[in-house]
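> Pasting a structure below so you can have a look.
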Amino acid sequence: MAEDDGLDCLDLLEETPAILRGLIRELSHDDAHWKPASDRFSVAEVLAHLSHSEGHCYRMRVDLFLNEELPEFEEDDAQMYLDLYRDADAEGSFDHFEEQRGTNIEFLRTLPRSAGGRKAMHKVAGEITLQQMLHEWAMHDLGHIRQIAELVRARMHWQAAGRLGEFYQLRP
């Protein structure tokens, strides 16, 4: 449901930590660090990415939207930070993400809907609004929720389902 008096996407963004907590609740350390292939992310790496991007991409951009006229944004590239994510502690990364997200949502809920019209210049996408970035942020969350869900499916449930697992196409 859309909120008439506030910015879009805040309810979904607020729910992301709870959704993720439900998905990762039963993972062991080894499960969180399991990778389906060497070129794929583990759950721990995805959580480290979410924690890092929460402050170093999204919150930073929100602040620039609000404090500058037409700030310029570089493209965000998770591949640039692979070394930072590689040995991440899943629980620590998640806790940091959850704390940052709570702070960010609390702040975003204080903004009037008109703040969503603030503009920035993205080096690849061109002119964007804060509202558009909030929708992209929601898409980013949903993509990583799906990614973690697929990793959990493959690691925790596929083999345990026995022959019934053969009916599923996994893409972790």
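No lab work stands behind these numbers, since they all come straight from the coordinates. These numbers were taken from a predicted model, which means no experiment stands behind them. For neighbour counting, all protein chains shown are included, and Cβ atoms are generated from backbone atoms with ideal geometry for every residue, glycine included.
> Ranked by Cβ crowding within 10 angstrom, fewest neighbours first, how are 38, 93, 114 ordered?
Working: 38 5, 93 22, 114 10.
In order of increasing Cβ crowding within 10 Å: 38, 114, 93.
> What is the distance in Å between the Cα centres of the range 1-79 and the range 152-167?
Here the two parts' Cα centres lie 27 Å apart.
> Next question, about the same structure. So which helices of the chain fit the span-like rule, where a helix is a whole DSSP H run, its Cα atoms reach 27 Å or more along the axis, and its mean Kyte-Doolittle is at least 0.0?
For the chain, where a helix must reach 27 Å along its axis and average at least 0.0, there are no hits.
> With charges set only on the Cβ (+1 for Lys and Arg, -1 for Asp and Glu), what does the dipole of the range 10-167 come to about its Cα centre, in debye to the nearest 20?
Working: 17 positive and 30 negative charges, 102 e Å.
Result for the range 10-167 is approximately 500 debye, rounded to the nearest 20.
> Note down the Stokes-Einstein diffusion coefficient of the range 1-88 in µm²/s, whole number, using a Kirkwood radius over alpha carbon pairs, 4 °C, and 1.567 mPa s.
Rounded to a whole number, D works out at 84 µm²/s.
> For the charge dipole of the chain, defined by +1 on Lys and Arg C-beta atoms and -1 on Asp and Glu C-beta atoms about the Cα centroid, which residue among 105, 170, 57 has the Cα displaced farthest towards the positive pole?
Comparing the listed Cα positions along the dipole, 170 ranks first.
> What value does the range 44-94 have for Rg/Rh, both radii from Cα atoms and Rh as Kirkwood defines it?
Working: Rg = 12.7 Å, Rh = 11.8 Å.
Answer for the range 44-94: 1.07.
> Run a plain Debye calculation on the range 10-167 (Cα atoms as equal point scatterers, no solvent) and give log10 I(q)/I(0) at q = 0.10, 0.12 Å⁻¹, rounded to two decimals, same order as the q list.
The computed values of log10 I(q)/I(0) come out as -0.41, -0.57.
> Residues with amide H under 5 Å of residue 118's amide H, sequence separation 5 or more or different chain, H placed in the peptide plane at 1.01 Å from N; which?
Distant-sequence amide H within range of residue 118: 130, 131.
> Ranking 118, 146 by Cβ neighbours within 10 Å, fewest first, what do you get?
Values: 118 21, 146 11.
Ascending Cβ contact count within 10 Å gives the list 146, 118.
> Order of 158, 137 from fewest to most other C-beta atoms within 10 Å? Mind showing how you got there, number by number?
Details: 158 16, 137 23.
Fewest-to-most ranking of 158, 137: 158, 137.
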